[in-house]
Amino acid sequence: MLLLSLLLLSGVLAGPAVAQEAEPLVLRIDAVNTTDHPNVTMVVSVPREMVGQDLGSDAFTVTENGDERSVIAQPEPTDGLQVVLLLDASGSMGGRPIASAKVAAQDFLDAMPDGVEVAVVSFADEPLVLSSFTTDIGQTSAAISNLRLGRNTALYDGLVAGAELFDGDANSRRVLVLLSDGGDTASETTLEKSIVSLLDADVGFYAVELQSPEYDAAALARLGAATDGIVVPASDPDGLTAVFVDVAGQIVNRYELRYESASYGPTTVVVTAEDDGITATAQAGVDYPAPPPTIVSTTVVVADAFVEEVVALPVPRSGTVVVVPWVQSSSALWLGALAVFAGLLALLLFTGVGQRRDRVDKPSSDTKRFGKSRGKALAALTDSATLLAERTVNRDAGTSGPVALLLEKSGIQLRPGEFVVLALAGALAIATITLLMTNALFALLAGGFTLLMIRWWLGRRVKKRQAAFADQLVDVLQLMSGSIRSGFGLMQSMDTVAQEIPPPAGVEFQRVKIETQLGRDSSEALMAMADRVGSEDFKWVVEAIDIHRDIGGDLADILDSVMETIRDRIRVRRRIRTLSAEGRVSGIVLSLLPIVLAFAMLIISPDYISTLFSTAIGRVLIVIGLVLMAIGALWMRRITSLKF
């Protein structure tokens, strides 16, 4: 009886233990490549319990919707593996967390195979590269041991610095392992820019999320979702070692599985690895390509050794049909595409870039609710795109980027983000229409050419505005001199110019007046205006005003002297422009003549000119001709651009 009781007791105690050992471990599916369907390539990471085991093809099983497939498995080599260990060294890591982090990092290094390049980067007030990529474990361990704490947390700057360490070798495999609590208090960059840096470097992202007083789970979750990475929480610093060893196992112990699929569309794939009584499994939903079309039935009518073919005749129409062969040719298609491109480009350049309306008309009371919600959604989308473009074109906080400077010089009252969104939207529209009419290469070229034309048009608008200001400068100085002789002060004379002179001079002096009223020094505001209008003559005027303010004198006489000098310079400049007009017109005609003749030949005799496009020597001649035309245009531009 006693023996029976012992046997029953041992069975009860052993039962849960056996069940626990039989419970499968988690197998991670890192990538699935279906571009060569039905041949599928899958990359999986085995758990650390299976580390060190040589798993062959017979250890893996792949099923699709319950149907097993034949698998060929091989370990993924660690040659070319580069790992950046990014460690949080901020004040929140002081004490037990940093000590546990150092021990966990050392165990992580011990789990790396020989030949793996490891770099160590810490971040506190700023990122610091403790050790560049090296296979010397001793050097890396020393860098971790010498880790020192700071005060703040520059997490996003640290991510950018870690991503920049990777080289440009396309065959290398890049992994970044982060230890952080997710908080950021001192970065100069943003979370979005750090995500872009990781994506550009093609980095496999692993994050160990340590819960501290600065715990921010949302930031790390967004990093993991954007990079398709792994975020592992760690509530206790003592558990960091196990987490780091587990991450090292997932990085190193990866296998490449190849199998031939027999499924199409959404499919449930189950992968199982089993060896020495240890089982690991994973399940994923894979969207395979759609099945190829099949022919349901084919009907062939055979009668007396010949096949009767039924042809559907068009329905006759009354009237006279006039056929124009050229309209149906490829030349007409190209001419139509060019006309559409020119029309859209003109619409983009000459609409939507005037003065921005400061207030929006309120909708009437009978506006439909659907229209309101759709308008709000469109406005929110536009504002988001504008804000993203604003952050991109501005280099630093408080510093205007080149787009903002060009817009100021051109007099276009648009924010840089609005202008960038408008330009990109126009280029995308033209590229889309070109794609529908031709192919992807011409669509890409059309979009890029649109952006170049917008940049050229903006520069041309700046030059025209600067030239208009130069023509107004003599009148401006004469009006200022007369106002000062009438008893007005300098600021009152500039106010008179702002009211009496049309744009651009009136607008610029109005801006100087407002800036001065807001506390900016008048000389500084005038010099900034001289930079905007690009006038060397006006810089002389500003310097004359500064000299008068320092030593005194009759400002009206000084302005009259400067005005006479500027008038003589304008007279000489106009004479030079008149004498060089023939050369400029000749350069334009000679540059456009080959292009116009090519289009004329393409329309009149396409077979004659098609030799240039259909033969190798013809394409070489086209390239040589374009290069020589560019050289000639630049040469004539340099000859006719006279400076004095």
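Only the coordinates and a few stated rules stand behind these numbers; no lab work does. None of these values were measured; they are calculated from a predicted model. Cβ atoms come from the backbone with ideal geometry, glycine included; neighbour counts cover every protein chain shown.
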Built amide H within the under 5 Å cut-off of residue 30, gap 5+: 43, 44, 45
Inter-label distance for residue 570 and residue 74, nm, one decimal - labels placed 7 Å from Cα along Cα-to-Cβ: 7.9
Out-of-range pairs (alpha-carbon distance over 26 Å; input 409/513; 193/409; 409/539): 193/409
Exposure proxy ranking, count of Cβ atoms within 10 Å, fewest first, for 259, 288: 288, 259
For region 581-640: Kirkwood Rh in Å [reciprocal of mean 1/r, alpha carbons]: 12.7
Spin-label pair residue 33/residue 615, simplified geometry with 7 Å Cα→Cβ offset, distance in nm: 4.3
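Between residue 284 and residue 135, what length comes free when the chain is fully extended (0.36 nm per residue of separation minus the Cα-Cα distance, one decimal in nm)?
50.1 nm
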Residue 511-residue 126 FRET efficiency (beta carbon distance; Förster radius 35 Å; 0.05 resolution): 0.35
Relative contact order (%) - criterion: Cα under 8 Å, at least six apart; region: region 581-640: 48
Cβ-Cβ FRET estimate between residue 546 and residue 460, R0 fixed at 45 Å, reported to 0.05: 0.90
Fewest-first sequence of 85, 128, 179, 444 by Cβ atoms within 10 Å of each Cβ: 444, 128, 85, 179
For region 420-507, with +1 on Lys and Arg beta carbons and -1 on Asp and Glu, the positive-most of 426, 436, 486 along the dipole: 436
Distance (nanometres) between label positions extended 7 Å along Cα→Cβ at residue 275 and residue 467: 7.6
Gain in span if fully extended, residue 110 to residue 486, counting 0.36 nm per residue against the direct Cα distance: 126.6 nm
Tensor-based shape of region 407-492 (alpha-carbon gyration tensor, a/c under 1.5 rounded, otherwise prolate or oblate): prolate
Sites residue 49 and residue 188, calculated FRET efficiency, Cβ-Cβ separation with R0 56 Å, nearest 0.05: 0.85
Residue-wise HN-Hα coupling along region 594-605, computed from phi with Karplus coefficients 6.51, -1.76, 1.60 (Hz; x: Gly, Pro): x, 5, 5, 5, 5, 5, 5, 5, 5, 7, 6, 9
Order of 540, 456 - criterion: other Cβ atoms within 10 Å of each residue's Cβ, fewest first: 456, 540
